[in-house]
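Inspection log for the structure reproduced underneath, given as structure tokens.
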């Protein structure tokens, strides 16, 4: 499906500017609520909204934009605590209506119909969320909460030695590596993301938490790489410009720990690089990770290219982006979708001999 409004950056900027100006014309109070910084951020948000809407329509998946609209609503409520939640709701609903009006004049009839459908769903979801919302619990999975809390507290204090010591002590007490990776470190990093979203953690602190957790992972490399080999290879990476590579790094480590040779390409890997790495290393299994929905179209393209050129390789996809879809992976030519690293390892043990 061709989206005319995203064919050129100039076209996108023109639409964003039109929406921006029309919003302030329709809602004069907005000029009083927003200082110059907030106005600049609002324009950036319009560009992001167009990007997410484009992705949703490109993949024919309305859930992508609806989930994004809820995420954006909560983010704005957390960033602008001086403005009532109902007022923010009204601003967002008006924005979606203006966006719909502008796009109806800029898109082909087919694209305009999809945009209209997705924007109305976003309006309904935002209006519902404004009066029906729950405060999430600190940790999602339960178990080892004392260790998670202690580790997170050291991260808050930027005490790297203390944080690493918590994880080291957990291992010395006999906690399996899989539990430390998936239950403790992964869950804490999810909470770090939640705290940033709630405007309770700065970007620099979030980056510090990530780098410290990467150091915590590295403490286990002697045990991971000394495990007996089973003769199988897995190649893993984050696709496109995706930079959220902590999850796929954990996957690679756990496969290595269970006897696989892992070729971990890291973050922001392009299609041609992945195809070259497969040609050079001949892996049994390819694992692709996507956190931001904008990168799902590229992931689909990579899956198709790999399947065409290397039909025998097993392909797995995972990452938070897939949770924000209507099970889009079921439409792709893959072998498995998973969000759980150990479930993935166990699947591979059964399917690849």
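Let me confirm something: among 278, 315, 263, which residue is in contact with a strand residue (DSSP E or B) (Cβ under 7 Å, 6 or more places away or on another chain) and either assigned by TED's automatic domain parsing to the domain that holds residue 59 or outside any strand (DSSP E or B) (or both)?
Exactly one of 278, 315, 263 is in contact with a strand residue (DSSP E or B) (Cβ under 7 Å, 6 or more places away or on another chain) and either assigned by TED's automatic domain parsing to the domain that holds residue 59 or outside any strand (DSSP E or B) (or both), namely 278.
Inspect all residues belonging to region 245-257 and state whether any of them is assigned to a loop (DSSP other than H, G, I, E, B), touching a strand residue (DSSP E or B) at 6+ places or on another chain (Cβ under 8 Å), in contact (Cβ under 8 Å) with a residue 24 or more places away in the chain and not assigned by TED's automatic domain parsing to the domain that holds residue 74.
yes
Condition (residue is surrounded by fewer than 16 Cβ atoms within 10 Å (Cβ to Cβ) and assigned by TED's automatic domain parsing to the domain that holds residue 295) applied to region 234-241: is it met by at least one residue?
yes
Take the conditions surrounded by 20 or more Cβ atoms within 10 Å (Cβ to Cβ), touching a residue at least 12 places away in the same chain (Cβ under 8 Å) and assigned to a helix (DSSP H, G or I) and apply them to residue 75. Does it pass?
no
Check off (1) under 28 Å from residue 202 (Cα atoms); (2) in contact (Cβ under 8 Å) with a residue 12 or more places away in the chain for residue 97 and give me the number that stays unchecked.
Status for residue 97: all satisfied but (1).
With 158, 108 as the choices, which residue is at pLDDT below 95, farther than 27 Å from residue 71 by Cβ and assigned by TED's automatic domain parsing to the domain that holds residue 195?
Result of the check over 158, 108: 158.
I'd like to check something: does region 284-291 contain any residue that is part of a helix (DSSP H, G or I) and surrounded by 19 or more Cβ atoms within 10 Å (Cβ to Cβ)?
So far as region 284-291 goes, no, none of its residues is part of a helix (DSSP H, G or I) and surrounded by 19 or more Cβ atoms within 10 Å (Cβ to Cβ).
Yes/no matrix, rows are residues, columns are (1) in contact (Cβ under 8 Å) with a residue 24 or more places away in the chain; (2) under 22 Å from the mean Cα position of the chain (by Cα); (3) more than 21 Å from residue 181 (Cα to Cα):
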site: 267; (1), (2), (3): yes, yes, no
site: 288; (1), (2), (3): yes, yes, no
site: 301; (1), (2), (3): yes, yes, yes
site: 319; (1), (2), (3): yes, yes, no
site: 346; (1), (2), (3): no, no, no
site: 352; (1), (2), (3): yes, no, yes
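For region 334-341, indicate whether the set of residues that are buried (at least 20 other Cβ atoms within 10 Å of the Cβ) and either out of contact with any strand residue (DSSP E or B) (no Cβ under 8 Å at 6 or more places or on another chain) or in a helix (DSSP H, G or I) (or both) is non-empty.
yes
Taking the options 103, 121, 99, name whichever one is over 25 Å from the mean Cα position of the chain (by Cα), in the same structural domain as residue 12 (by TED's automatic domain parsing) and at pLDDT 95 or above.
103
The values are calculated or read from the model by the stated rules, or taken from the named source; none is laboratory data. Since this is a predicted model, take the numbers as computed values, not measurements. Here the Cβ is made from the backbone with ideal geometry for all residues, glycine too, and neighbour counts use every protein chain on show.
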